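Okay, so here's the structure we're looking at.
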Amino acid sequence: DMTRACWLAFGSEGRGEQTIATDQDNGLVFASDDPARDRPAWLAFARDVNEALDACGYPLCKGNVMASNPDCWMERFERWIDQGAPEDLLNASIYFDFRPLAGDASLAAPMREMVTRHAARNARFMKQMADNALRSQAPHTASISVPLALLFALLGGLILNLMPCVLPVLSFKV
């Protein structure tokens, strides 16, 4: 019953940067009067979803940043902020960027507050994250000539204009 849970996307998926070529970075938060009793059922549900997504072409996360991971990511996040090793910064950055995807989105609000509050209290961590961001450069776009870019734009527009004509025919044949 997803009215008592919220499926979360983390990292680039949480930022909405990747939709097709990505592995799974997700989590699940649930409301319960008895979390110890209900947790195994939610973990089994998460495992089923993770495996179904894998079967659909979204590979399992090699770092195990998935809802089916029994570790509590909020506890790990606090540890990463407190320790601040380079690997901790990478891990923390994945979890900073989360967004609700399905279920009761209000369940994610206390998590967002905890993450923000805990990070803001640690000046060393904030400086390390800022330094890390300043060291990272935005990916460069392919260096192509303006005429070639215009040609690609023209072809893209042509394809988009033809699609309404082609798609009904394809769907009629199917």
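The values are calculated or read from the model by the stated rules, or taken from the named source; none is laboratory data. Here the structure is a predicted model, which is why all the values come from computation and not from measurement. We work out accessible area using only protein heavy atoms, side chains counted, and drop any ligands, DNA or RNA first. Shrake-Rupley method; radii C 1.70, N 1.55, O 1.52, S 1.80 Å.
Just a few scattered comments:
- Residue-normalised accessible area of region 11-149, given per residue in Å² at a 1.4 Å probe: 62
- Using C-alpha pairs below 8 Å separated by at least 6 residues, the relative contact order for region 1-93 is 26 percent.
- The portion of the accessible surface of region 1-152 made up by carbon and sulfur, rounded to a whole percent, is 59 (1.4 Å probe; DNA, RNA and ligands excluded).
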